[in-house]
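The next block holds one structure in the form of structure tokens; read it before the comments.
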Amino acid sequence: MANFILRKAEPRDVPDILRLIKELAKFEEMEEQVVLTETELLQDGFGEQPFYHCIMAEVPEDRRSSDGHTVVGFAMYYFTYDPWIGKMLYLEDFYVMKEYRGMAVHTQYIHSTAVKSRCSGMHFIVAEWNKPSIDFYKRRGASDLSHEEGWRLFEIDKEYLLKMSAK
Amino acid sequence: MDYTIRVATLEDCKDIYRMIMVSRCGDRRVAQGGTCSVCARRTHGHSELAKHEKVSDQVKIAQRDLEQDGFSKNPFFQSIIAEVPEQHRSKDGHSKVGYALYFFAYSSWKGRSVYMEDLYVMPEYRGKGIGKALMSKIAQLGLAAGCNQLNFAVLNWNKESMDFYLSQGCWDVTTGLDYHCMRCEGPALEALARGDPKN
């Protein structure tokens with residue numbers, strides 16, 4: 001019997017998606033930053049024009065986690081665009097519960113999704129202190145654009161967006 | 001000087017492509033060393049572009065790709081144009097003098113967001129508020145679509161732009177959260193998809 005299956009997320013997965021988002025944020029010591037709700041996840045991921053896509057990793061019943069979950073990992077992604085090279089896939093979140101790691105859960109699925117959708121590349125963000133993840137991706141050929149090309153990611157929050165749009 | 005900011009149409013692709021070719025040259029060429037190895041300058045004029053063979057090697061898409069990817073039923077990006085009246089056309093005869101390219105994204109912490117991929121104004125039209133107006137339009141369109149953040153990337157040597165964005169209330173996520181922007185592409189992406197064994 002396979003250790004796990006990978007499948008596209010369905011509306012019923014929304015509670016697990018939010019649970020896993022919060023677990024990953026907790027690992028990043030940013031749990032209080034998660035303000036997204038199940039209602040928003042449902043509207044934004046399963047409406048007519050989804051803002052994101054999700055892949056879920058699920059284990060059989062007999063491998064349920066200690067707190068009763070069979071959905072043990074997820075990857076959230078969406079499509080972006082680089083006007084020089086075309087479509088790209090952006091990997092927003094990628095997480096597997098601790099006790100299920102080491103099975104190469106999502107890596108192949110996400111990356112073959114990128115290739116099948118004719119994306120020219122995949123972008124994602126890694127925290128500087130997360131050396132194991134940085135090494136994992138660098139071994140697979142990823143480049144650190146912040147380091148190599150000097151890119152800095154900027155953000156404008158809603159308060160300033162409102163001010164800016166009023167000008 | 002009068003100008004209008006409007007949503008781009010298929011007919012604008014020719015001008016968007018023209019401006020993409022010019023705007024990207026500065027970013028890609030000088031990111032590492034500070035000066036272009038072809039013309040030894042930090043920025044390039046339109047007329048110099050033809051000499052930069054390496055730049056044209058790096059551009060993988062044609063105008064028709066832009067038309068298909070941006071103006072079909074499920075577009076991969078959105079764009080807006082800055083246009084001036086006839087009497088203010090550039091010396092090459094262009095009235096479309098700036099553009100911004102953006103798409104909708106998602107934060108697993110906060111939900112809907114908008115990502116500004118490109119923002120460009122032709123050099124002779126700068127200093128008139130056009131760049132700010134383009135960004136303001138993206139902010140309006142983003143808020144209308146239910147977004148609560150606008151994200152974009154700036155090169156670390158581009159102090160003028162960084163200062164402008166900071167003055168508008170933006171903050172540097174790379175510095176603030178120690179985030180690094182990573183990319184996997186080409187043979188590495190394909191190898192990753194195949195699950196080639198790594199040490």
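A few points about this structure:
- In this structure, the pairs whose alpha-carbon distance is over 31 Å, taken from A:LYS98/B:LYS73; B:LYS137/B:LYS159; B:LYS14/B:LYS137; A:LYS87/B:LYS110; B:LYS110/B:LYS132; A:LYS8/B:LYS137, are A:LYS98/B:LYS73; A:LYS8/B:LYS137.
- Pairwise centroid distance, computed over Cα atoms, of region B:72-139 with region A:66-80, Å: 35 Å
- Close amide H partners of A:GLU92, meaning residues 5 or more places away or on another chain with modelled amide H under 5 Å apart, are A:MET76, A:TYR77, A:TYR78.
- Based on C-alpha pairs under 8 angstrom that are at least 6 apart in sequence, region A:5-124 has a relative contact order of 22 percent.
- With both residues required to sit in region A:5-124, DSSP beta bridges show an antiparallel share near 85%.
- Here B:LYS60 is the anchor, and the aspartates and glutamates within straight C-alpha reach of less than 12 Å, apart from those fewer than 8 places off in the same chain, are A:ASP82.
- Reach of B:LYS91 by Cα under 13 Å, taken over aspartates and glutamates that are not fewer than 8 positions away in the same chain: B:GLU124
- Inter-probe distance in nm under a simple model that places probes 7 Å from Cα toward Cβ, at B:ARG126 and B:TRP171: 2.8 nm
- Quotient of Cα Rg and 2.2 N^0.38 Å for region A:5-124, N being how many residues it contains: 1.08
- With a simple spin-label model that places each label point 7 Å from the Cα along the Cα-to-Cβ direction, the separation between A:SER117 and B:ASP2 comes to 4.3 nm.
- Summed buried accessible area for A+B [probe radius 1.4 Å, Å², rounded to 100]: 7500 Å²
- Peptide packing: for B:134-146, A:51-63, B:157-169, the average count of neighbouring Cβ atoms within 10 Å per residue gives the ranking B:134-146, A:51-63, B:157-169, highest mean first.
- Using the Cβ-Cβ distance between A:SER65 and B:ARG64 with R0 set to 41 Å, the FRET efficiency works out to roughly 0.25.
- Bridgeable aspartates and glutamates around B:LYS128 (alpha carbons under 16 Å apart, same-chain partners fewer than 8 residues away excluded): B:ASP2, B:GLU83, B:GLU160.
- Region A:5-124 - percent of accessible surface contributed by carbon and sulfur, probe 1.4 Å: 49 percent
The values are calculated or read from the model by the stated rules, or taken from the named source; none is laboratory data. Quantities reported herein were computed from a predicted structural model and do not represent experimental measurements. Virtual Cβ from ideal backbone geometry, glycine too; neighbours counted across all protein chains shown. Ligands, DNA and RNA are stripped out before the accessible areas are found, and what is left, the full protein with its side chains, is counted by its heavy atoms. Shrake-Rupley method; radii C 1.70, N 1.55, O 1.52, S 1.80 Å.
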